[in-house]
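The numbers here are math on the coordinates, done by the rules we state, and not lab data. Just so we're clear, the structure is a prediction, and the values are computed from it rather than from any experiment.
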Amino acid sequence: MKPLTILAIVLIALGVIAFGYQGISYFSRDTVVDAGPVKVTAQREHTIPFAPIVGGVALVAGIAIIMVASRRAPA
């Protein structure tokens, strides 16, 4: 396979994944109270959102690269 085709397939896959997940979540532990021997922690969820436009741009770019690569291919 040509490198351009591999790049297009990766972009299409990333576009589909970005549409499906809409973001990445992770957890962190924060100290809420630290008073002498008493220590209270809380687990908090944080989310890094993906804009739907990012998935759309990756998907369209992958399709466009496949179309350009197929036109360049010798018959």
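As I understand it, the value is the acute angle between the Cα axis of helix 3-21 and the longest principal axis of the Cα atoms of the chain; what does it come to in degrees, rounded to 10? Taking Cα atoms only, the helix is inclined about 40 degrees. 3J(HN,Hα) couplings calculated from phi for segment 26-43 with the Karplus curve 6.51 cos²θ - 1.76 cosθ + 1.60 (θ = phi - 60°) are, in sequence order, 8, 10, 9, 9, 10, 7, 8, 10, 9, 10, x, x, 9, 10, 10, 10, 10, 9 Hz; Gly and Pro show x. For Phe50, the amide hydrogen comes within under 5 Å of the amide hydrogens of Gly23, Ile24, counting only partners 5 or more places away or on other chains and with H modelled in the peptide plane.
Where [x] 5.0; [y] 7.2; [z] 6.1 are the candidate values, the label of the one calculated here for mean projected area of the Cα convex hull in nm² is [y].
With θ taken as phi - 60° and the Karplus curve 6.51 cos²θ - 1.76 cosθ + 1.60 applied, the whole-hertz 3J(HN,Hα) list for segment 54-64 is 5, x, x, 5, 5, 5, 5, 5, x, 5, 5 Hz, x standing for glycine and proline.
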